[in-house]
1. Would a scan of region 296-317 turn up a residue that is of a type in the set (Phe, Trp, Tyr), outside any strand (DSSP E or B), over 23 Å from ALA416 (Cα atoms) and in contact (Cβ under 8 Å) with a residue 12 or more places away in the chain?
2. Counting only residues that are in a helix (DSSP H, G or I) and either on the phi > 0 side of the Ramachandran plot or not basic (Lys, Arg) (or both), how many does region 109-141 have?
3. In region 25-50, what count of residues is obtained for those that are buried (at least 22 other Cβ atoms within 10 Å of the Cβ), of a type outside the set (A, V, I, L, M, F, W, C) and either part of a helix (DSSP H, G or I) or outside the structural domain of GLU213 (by TED's automatic domain parsing) (or both)?
4. Does THR163 satisfy being more than 23 Å from ARG65 (Cβ to Cβ), in contact (Cβ under 8 Å) with a residue 40 or more places away in the chain, in contact with a strand residue (DSSP E or B) (Cβ under 9 Å, 6 or more places away or on another chain) and crowded, with 24+ Cβ neighbours inside 10 Å?
5. Among (1) surrounded by 15 or more Cβ atoms within 10 Å (Cβ to Cβ); (2) on the phi < 0 side of the Ramachandran plot, which single condition is GLY98 missing?
6. Would you check if there is a residue in region 51-59 being in contact with a Phe, Trp or Tyr (Cβ under 8 Å, 6 or more places away or on another chain), buried (at least 16 other Cβ atoms within 10 Å of the Cβ) and not small (Gly, Ala, Ser)?
7. Please tell me if GLU331 is touching a Ser or Thr at 6+ places or on another chain (Cβ under 9 Å), surrounded by fewer than 18 Cβ atoms within 10 Å (Cβ to Cβ) and not small (Gly, Ala, Ser).
8. Test ALA272 against the stated conditions and say whether it is among the aliphatic types (A, V, I, L, M) and over 18 Å from the mean Cα position of the chain (by Cα).
Amino acid sequence: MNALPQAPRTQLFIAGEFTDGTSDERVEVVSPVTGDVIAAIPSATAEDLDTAVRKAHDAQRKWRRVGVFQRAEILHRVGDELERRVDDLARLQTLEQGKPVSESVADIKEAAQLFHLHAEDALRLYGETLPSSDVDKRMFTFHAPVGVWGIITPWNFPLLMFTEFVAPGLATGNACVVKPPSNTPLAVLAAMDALTAAGVPEGLVSVLPGDGEFGSQLVAHPGIHAVGFIGSSATGAKIVRTAGLKRTLMECSGNGPIVVLEDANIERAAAAAVDSAFYCAGQVCCATERLIVHEAVHDQFVEAALSYAQRHVQLGDPFSSEVNLGPLNNEGVAAKMDRHLDEARARGFDILLGGGRAAGFATNLYYDFTIVDGVTEDSLLAQEESFGPVLPILSATSDDEILRIANADALGLQSAVFTESLSRAYRFIEELETGQVIVNDSNGWWDINMPFGGAGGKGTGWGRIGGMYTLHDMTDLRTGAIHVR
């Protein structure tokens, strides 16, 4: 394993300074790669939160009056600073999270791109002039910052998902108090050096790692005006109940699926499905959680998926350039995989590849890439988000049946369909009940300028992460009306 270039930051970051905070309690950060304790981080307290929120209010009142071109310039500098730190941040993130270092490099580069993108988005956050029924009035709209956002981010993309809120939040004149997970806070804390070097004013961004109880305190704090969350639907529901009438931007769980019709390019579909199932060890909200294949090409697809996986998936040390599948992040995810595969065996599904934890590694979190065939609609593999490196294959006999199976799910984040028919592609785009439908690529595909989020009526949240759309969600649309004569 590659050594880290320097000791990680192991303090809270409040109002531009690293501090131990007010608690003597420390939470150990254990690497899923090695099993070693790599840091001990203070556990943020209610008093620390009060300080961060108070400082955020002070800073945001000044920041909202800073011209948008000056804000954009500072965000561009943040992007530049992150780009200069890519290798160091990537190695740190891999050590705490477990994903291959090549994926971490891509994450950090994308985070830098998001600061650049949202710097430019802010310059084009236009209002409108509206016609009035009163000839003596002139009406117009504009976007105003909400104020202080409380942000809760997950452990699968620690720095990238921090950036997905903080970059558009700062671009639009907001302040952010962020709670990263206590098991993967290090890359986010280290990135605060980049924000400081870029000239982000003190108090605009604070980082307070903490547990679920601290997250509830953050959401309920009277000084927090709005809440942004990425994570499980179960946790998201609790956050919304606590937030009440505060603005919320919620991006929660997903459960696919990828659909393969009988006219699809099978080799391409198989490669995309496998890649999406093991990327970040399957710990992605838009991973290939379900694969629904037309039975006319079922056998051909299974053969292609097996062949591709055996040739391309390499489990091992995530710091090795030859490895593209690292360990799972934590025991909770691994235990869920165990439970899903235990049921698959009990019900007689065909485990064609993998099927359990891999031996011979430093921790018990390395999981073999797994392909399961003959999965039924009512199984745990189909009904729950496994969040691990598994490809569950279901089959159906018609487009109507595929749509029924696909939509008979409580989640509706992102799906994909493989077909050579434009008319069938349009039908699935319109009838699949997910926020995004990707045609002829995996449902793990995403673009930084794409509005990403769940379909209404499903348990996946609301609002959009990506591009100009996040700036709209993180601002108030205000209206002015002037009596002119």
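1. Applying the first criterion (of a type in the set (Phe, Trp, Tyr)) to region 296-317 yields 301, 308.
When the remaining residues are screened for being outside any strand (DSSP E or B), the result is 301, 308.
Still in the running and over 23 Å from ALA416 (Cα atoms): none.
Looking through region 296-317, none of the residues is of a type in the set (Phe, Trp, Tyr), outside any strand (DSSP E or B), over 23 Å from ALA416 (Cα atoms) and in contact (Cβ under 8 Å) with a residue 12 or more places away in the chain.
2. Taking region 109-141 and keeping what is in a helix (DSSP H, G or I), we get 109-122.
When the remaining residues are screened for being either on the phi > 0 side of the Ramachandran plot or not basic (Lys, Arg) (or both), the result is 110-122.
Final tally of qualifying residues: 13.
3. Here the count works out to 1.
4. Against the criterion (more than 23 Å from ARG65 (Cβ to Cβ), in contact (Cβ under 8 Å) with a residue 40 or more places away in the chain, in contact with a strand residue (DSSP E or B) (Cβ under 9 Å, 6 or more places away or on another chain) and crowded, with 24+ Cβ neighbours inside 10 Å), THR163 does not qualify.
5. Looking at each condition in turn, GLY98 falls short on (2).
6. no
7. No: the conditions fail for GLU331.
8. It is true that ALA272 is among the aliphatic types (A, V, I, L, M) and over 18 Å from the mean Cα position of the chain (by Cα).
The values are calculated or read from the model by the stated rules, or taken from the named source; none is laboratory data. Small disclaimer: the values here were computed from a predicted structure and weren't measured. Here Cβ is always computed from backbone atoms with ideal geometry, including for glycine, and neighbour counts include all displayed protein chains.
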